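Each remark here refers to the structure printed beneath this line.
The values are calculated or read from the model by the stated rules, or taken from the named source; none is laboratory data. As the structure is a computational prediction, the values presented were derived from the model and not from experiment. So basically every Cβ, Gly included, is an ideal-geometry build from the backbone, and we count neighbours across all protein chains shown. Note: accessible area is taken over every heavy atom of the protein model, side chains too, but ligands, DNA and RNA are not part of it. Shrake-Rupley method; radii C 1.70, N 1.55, O 1.52, S 1.80 Å.
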Amino acid sequence: MKSWLVFACLLSLSAVSLGAERLDEIKARGELRVCIWPEYYGISFRNVKSGAVAGVDADMARDLAAHLGVPLSFVDSHFARLKDDLLHNQCDVGMFAVAITPARQAVMAFTQPHMFSDVYAVTSRTNSAIQRWQDIDRPGRVVAVAAGTYHEPLMRERLQYAKLLVVSPPATREGEVESGRADVFMSDYPFTRRMVKDHDWVRIIAPPKPFYLVNYAYAIAPGQGRWLATLNQFIQNQQRSGRLRQLAQRYDLQLIVRDSR
């Protein structure tokens with residue numbers, strides 16, 4: 001019993017040390033490294049022409065860097081790679097509306113949530129077979145999801161009749177639907193805003209009742225207590241001051257903002 005108590009104490013001390021070291025490392029490095037998914041419209045989307053990154057979490061990252069008094073560097077990542085990027089110290093925090101799921105909580109630490117979303121289906125206007133949510137899970141249908149997103153395990157569990165197509169880069173979910181290889185792809189509220197804005201062939205289908213609501217937050221490597229507390233305090237300040245909601249309104253995402261608890 002004593003050996004287990006000693007081991008637990010060492011783990012606790014190690015976690016505190018790692019958290020302190022991360023903040024000190026950021027200051028010593030003189031740079032905050034933020035992992036983003038540069039294709040996430042309204043969240044952390046990079047304009048291919050100008051190279052500028054825009055979105056709620058991109059702007060939140062800028063505010064965080066200003067709060068810490070260091071320059072900001074965006075590090076390209078995506079959901080399937082974020083765990084490795086965090087654990088291998090490629091970035092200090094993932095700030096691109098990362099859904100909190102049990103599988104991710106097992107390998108990453110999460111801040112308090114700042115946004116949320118349900119699941120939405122994206123199909124083409126010419127697909128007469130998909131008119132409503134109930135038409136999706138039918139024999140012969142193909143449902144696409146992006147590899148590494150929470151939609152992958154969710155639809156693997158929920159679909160009973162339709163075929164699941166897991167899409168990995170450089171292929172895209174929208175490419176599979178537009179080409180006719182898939183009937184629909186599953187996404188969230190922010191990404192569907194982009195699809196409607198940029199593509200005239202798109203039709204969005206919302207579930208008739210909540211399908212799978214998830215909270216979005218920022219992710220860090222585990223064992224960084226002080227860094228996590230710093231991020232949580234930052235989020236609370238942004239929520240209470242109205243700054244988060246202001247940024248969300250800039251990108252038409254105010255409907256999915258989580259206010260301070």
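Simple point charges give the picture: +1 on the Cβ of Lys and Arg, -1 on the Cβ of Asp and Glu, and for the chain a dipole about the Cα centre of about 420 debye. Only one residue of V48, Q90, A217 has its Cα farthest out toward the positive end of the dipole of the chain, where Lys and Arg carry +1 and Asp and Glu -1 on Cβ, and that residue is A217. Name the shape class, rounded, prolate or oblate, that the alpha-carbon gyration tensor gives for the range 27-102, where a ≥ b ≥ c are the square roots of its eigenvalues, rounded holds for a/c under 1.5, and otherwise prolate holds if a/b is larger than b/c and oblate otherwise. Taking the square roots of the gyration eigenvalues as a ≥ b ≥ c, the range 27-102 is oblate. Peptides 197-208, 216-227, ordered by how many other C-beta atoms sit within 10 Å of their residues on average, highest first, read 216-227, 197-208. What residue among P170, L159, P190 has its Cα farthest toward the positive end of the dipole of the range 136-192, where the charges are +1 on Lys, Arg and -1 on Asp, Glu, each on the Cβ? About the Cα centre, the residue reaching furthest to the positive side is L159. Entry note, the chain: relative contact order of 27 percent, from Cα contacts under 8 Å with a spacing of 6+ residues. The HN-Hα couplings worked out from phi for the range 172-186 by the Karplus form 6.51 cos²θ - 1.76 cosθ + 1.60 (θ = phi - 60°) are 10, 4, 5, x, 5, 6, 4, 7, x, 6, 10, 7, 8, 10, 9 Hz, whole numbers, x standing for Gly and Pro. The string of couplings for the range 237-245 from the Karplus curve (6.51, -1.76, 1.60, θ = phi - 60°) is 4, 5, 6, 5, 7, x, 5, 4, 5 Hz, one whole number per residue in order, with x for Gly and Pro. Close amide-amide hydrogen proximity is noted between Y218 and T111, each under 5 Å apart and 5 or more residues distant or on a separate chain (H modeled in the peptide plane; Pro and chain starts excluded).
At a probe radius of 1.4 angstrom, the accessible area of the chain per residue rounds to 49 square angstrom. Put a plus charge on the Cβ of each Lys and Arg, a minus charge on the Cβ of each Asp and Glu, and nothing anywhere else: the dipole of the range 178-261 about its Cα centre is then about 420 debye. Of the labelled figures (i) 62, 50, 35; (ii) 48, 41, 37; (iii) 46, 42, 33, only one reflects Cα extents along the principal axes in Å as derived from the coordinates, namely (i).
Note on the chain: dipole from Cβ charges, positive end direction compared against G140, L228, Q246; the farthest Cα belongs to Q246. Each part reduced to its alpha carbon centroid, the range 132-209 and the range 94-130 end up 12 Å apart. Element breakdown for the chain at a 1.4 angstrom probe: carbon and sulfur atoms account for 53% of the accessible area. Rounded to the nearest 500, the 222 nm mean residue ellipticity of the chain from helices alone is -11500 deg cm²/dmol, with -39,500 (n - 2.57) taken per DSSP H run of at least 4 residues. Convex hull volume of the Cα atoms of the range 95-206, normalised per residue: 111 Å³.
Subtracting the Cα-Cα distance of L255 and L23 from 0.36 nm times their residue separation leaves 80.3 nm of extension gain.
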